[in-house]
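S.K.: Below are the structure tokens for one structure; questions will follow.
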Amino acid sequence: MKLSAKAKHVQSTLRALGLDVQVVKLAESTRTAAEAASAVGCTIGQIVKSLVFRAGEGPVLVLASGINLVDEVRLAALVGTPIKRARADFVRRHTGYAIGGVAPVGHPRPIPTFVDEDLLQYEEVWAAAGGPFTVFACSPDFLATLGLVTCVKRAAD
Ligand code: 5CA
């Protein structure tokens, strides 16, 4: 299937970063972590959620394992300012992508990024590639080059 302009942008950005991977377009929706896991046939934990938060006027990106919830108190402590979930228009403005297709790379300007350490346990993880049907597989080592690897998850209660 033909890739959209956004998916092609992700593909060329990944190549420019030295990653020899193929963005794939699937027939099923990959909009949510659960849908993406079912579409690619991996566990939800292997799906990379690219979540945007707002710290003052600026964005913060969290690349979180699909099974984890982000601990906003922990994230605020890491960032050093109060944070809140970004609204859809803010996400689009700062990443260039709509919610459900936010890729971890290829943003208009660099975004401070935190990478969920739980992703490192997998051999392969899958992230969104610009739209609700496009994804790419990579090693979590690649994600680790995009930001600070740390614990971002909410403790199970
Ligand atoms: N393509 C999939 C898997 S790679 C994907 O993009 N998943 S995601 O988790 O990164 O993006 C969906 C996430 O966007 C949801 O987990 C949810 O936390 C967030 N989201 C959904 N709707 C909104 C909204 N209205 N405002 C802010 N965040 C939202």
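The values are calculated or read from the model by the stated rules, or taken from the named source; none is laboratory data. These numbers come from a predicted model, not from an experiment. Ideal geometry is used to build each Cβ from the backbone, glycine not excepted, and the neighbour counts take in all protein chains shown. Ligands, DNA and RNA are stripped out before the accessible areas are found, and what is left, the full protein with its side chains, is counted by its heavy atoms. Shrake-Rupley method; radii C 1.70, N 1.55, O 1.52, S 1.80 Å.
S.K.: Going residue by residue through the range 64-79, is there one that turns out to be farther than 23 Å from Arg154 by Cα and either open to solvent by 30 Å² or more (accessible area, probe 1.4 Å) or within 16 Å of the chain's Cα centre (by Cα) (or both)?
M.R.: No, because not a single residue in the range 64-79 is farther than 23 Å from Arg154 by Cα and either open to solvent by 30 Å² or more (accessible area, probe 1.4 Å) or within 16 Å of the chain's Cα centre (by Cα) (or both).
S.K.: In addition: Can you tell me which residues in the range 25-40 are outside any helix (DSSP H, G or I), within 12 Å of the ligand (Cβ to nearest atom) and among the hydrophobic types (A, V, I, L, M, F, W, C)?
M.R.: Selection gives Leu26 alone.
S.K.: Oh, and also: Criterion first (within 22 Å of Pro59 (Cα to Cα) and assigned to a strand (DSSP E or B)) does Ala127 satisfy it?
M.R.: yes
S.K.: Out of all the residues in the range 41-91, which are in a helix (DSSP H, G or I), touching a residue at least 12 places away in the same chain (Cβ under 8 Å) and within 9 Å of the ligand (Cβ to nearest atom)?
M.R.: Hits for the range 41-91 are Phe90, Val91.
S.K.: Report yes if some residue within the range 123-134 is under 18 Å from Leu3 (Cα atoms) and of a type in the set (Val, Ile, Thr); otherwise report no.
M.R.: yes
S.K.: A further question follows. Among the listed residues Val135, Val125, Val149, identify the single one that is at pLDDT 95 or above, more than 14 Å from the ligand (Cβ to nearest atom) and surrounded by 13 or more Cβ atoms within 10 Å (Cβ to Cβ).
M.R.: Val149
S.K.: In the range 141-157, how many are closer than 22 Å to Pro59 by Cβ and not in a loop (DSSP other than H, G, I, E, B)?
M.R.: Residues flagged as closer than 22 Å to Pro59 by Cβ and not in a loop (DSSP other than H, G, I, E, B) within the range 141-157 amount to 7.
S.K.: Looking only at the range 13-37, count how many residues are without any contact (Cβ under 8 Å) to a residue 24 or more places away in the chain and closer than 15 Å to Gly131 by Cα.
M.R.: So the answer is 1.
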